[in-house]
Amino acid sequence: MKKLRSAAAVLAAIVSLLGLVALFAVAVVHPLNSFGHQLPVGVAVGIVLLGLVLGPRLLLGHRGGSSQDSPSRIHRLLGQARKAVILALACWLGLISWSAVSPGGPMPAPKSDPSSIRVVTWNILTSQEGGPPWGKIPVSNWSGRKDALRTALRHTRPDILCVQEALQEQVAFLEETLPTHHRAGVGRDDGRSAGEHCAIYFNADRFEKIGGDTFWLEEPTDQPSGGTGLNIKRICTWVRLRDRASGRTIRVYNIHSYLTEKSQLAAARVVLDHLKAGDPADAVILAGDFNAPPGSPSRRLLAAAGLTESAKLAGQPSGTRTYQWYGLRVRSLDAILLSKGWQVRNHRVLDVKPSNTFPSDHFGVLADLKFRD
């Protein structure tokens, strides 16, 4: 019976450690604590951490002393695993604390020139509130961060907004948030409403839509793949607008590119082919989440085709980190690229944190643009 109890205790310890490791892995992949969960998750992690520190003595009655009480090999391994998990949880608690106190940037000022065009691109992190519990994405806490996004957009007041990863519920929320804007773009899963959107919202009082569509970044470019997960084809939405104030025409492209370098290069070539097929007199904007920094092969290919980062045209260094993880600025993935028909009056990364909540795991990028004479 003593051996049975010992084996049961070892099994329970192994299962508990594996569960803690899995929970930590999920939290690392999804920075849920940047989105309003800091207090409850922090308290839970603290309690588990305290239990792991005090547990062996309180629960297992560990005694030192005689050689007969020396731990077995499995107990030594469990002890080492426990220490590793304690270290991981302590680091996690530190990340939670930093995500709660990390500062956000100031809200953007209004346009200095009312005739300029304010463009914003933002990966808003896919999520949903409705539907069955198993269909939700709770770690991204859309209900806890959508008000922060609304506050940021109403302060920013973009003339053109490009968003990535937006599900239908989020698309509708943005339409409500920007009532004077019209939307272009469809869901990537079925070409209608299912799946993530690379939606473009434009101020209908300022612009007249004269063309536009969504295309996929693999052949055939006019059809969704019907796959799931990583196998699904990604999309680029575009719209052609006439500026009512100047009469100039512009084409806006909104892309959410792939994760691998080979696929990113192929996607960039598809986009460039589409650009070349349009009216060369149009001023072009290519915005989005490129999933690659400025020095990557796909970004260099776009630059070689004459598309320049808004940061560079504004005289600022490119490569400002736009992906955040628990409030830590990690990678430069998002940008606004411009053809030669533009000048940039203002550029900044929207690292705002309304009500101490980041709207997304990405920061937005803002540029105030003027047509060149």
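Side notes on the structure shown:
- Output for region 142-200, where each listed residue is among the basic types (Lys, Arg) and closer than 19 Å to Gln223 by Cα: Arg188, Arg192
- Residue count for region 251-306, restricted to those that are at positive phi and assigned to a loop (DSSP other than H, G, I, E, B): 2
- The set of residues in region 251-262 being crowded, with 17+ Cβ neighbours inside 10 Å and not aromatic (Phe, Trp, Tyr) consists of Arg251, Val252, Asn254, Ile255, His256, Ser257.
- Within region 216-241, considering residues that are touching a strand residue (DSSP E or B) at 6+ places or on another chain (Cβ under 9 Å) and surrounded by fewer than 17 Cβ atoms within 10 Å (Cβ to Cβ), the one modelled with the lowest pLDDT: Ser225
- Flag not set for Arg331, criterion: farther than 19 Å from Ile96 by Cα and either out of contact with any Phe, Trp or Tyr (no Cβ under 9 Å at 6 or more places or on another chain) or outside the structural domain of Ile285 (by TED's automatic domain parsing) (or both).
- Here Gly288 meets each of (1) closer than 25 Å to Trp238 by Cβ; (2) free of Cβ contacts under 8 Å to residues at least 60 places away in the same chain with one exception, condition (2).
- Subset of region 331-350 (residues that are under 17 Å from Gln164 (Cβ atoms) and touching a strand residue (DSSP E or B) at 6+ places or on another chain (Cβ under 7 Å)): Arg331, Leu333, Asp334, Ala335, Ile336, Leu337, Val349, Leu350
- Candidate set from region 171-181 (those that are buried (at least 16 other Cβ atoms within 10 Å of the Cβ) and either touching a Phe, Trp or Tyr at 6+ places or on another chain (Cβ under 7 Å) or not polar (S, T, N, Q) (or both)); member that is nearest to Tyr201 (Cα to Cα): His181
- The residues of region 324-335 that are crowded, with 20+ Cβ neighbours inside 10 Å and assigned to a strand (DSSP E or B), listed by number, are Gln324, Asp334, Ala335.
- Unique residue being surrounded by 23 or more Cβ atoms within 10 Å (Cβ to Cβ) and more than 19 Å from Trp98 (Cβ to Cβ) when the list is Leu338, Leu313: Leu338
- Taken together, the criteria exclude Ala194 from residues that are under 17 Å from Thr121 (Cβ atoms) and of a type outside the set (Asp, Glu).
The values are calculated or read from the model by the stated rules, or taken from the named source; none is laboratory data. Because the structure is a prediction, the values reported are computed rather than measured. Reconstructed Cβ throughout: ideal geometry from the backbone, glycine too, with neighbour counts over all protein chains shown.
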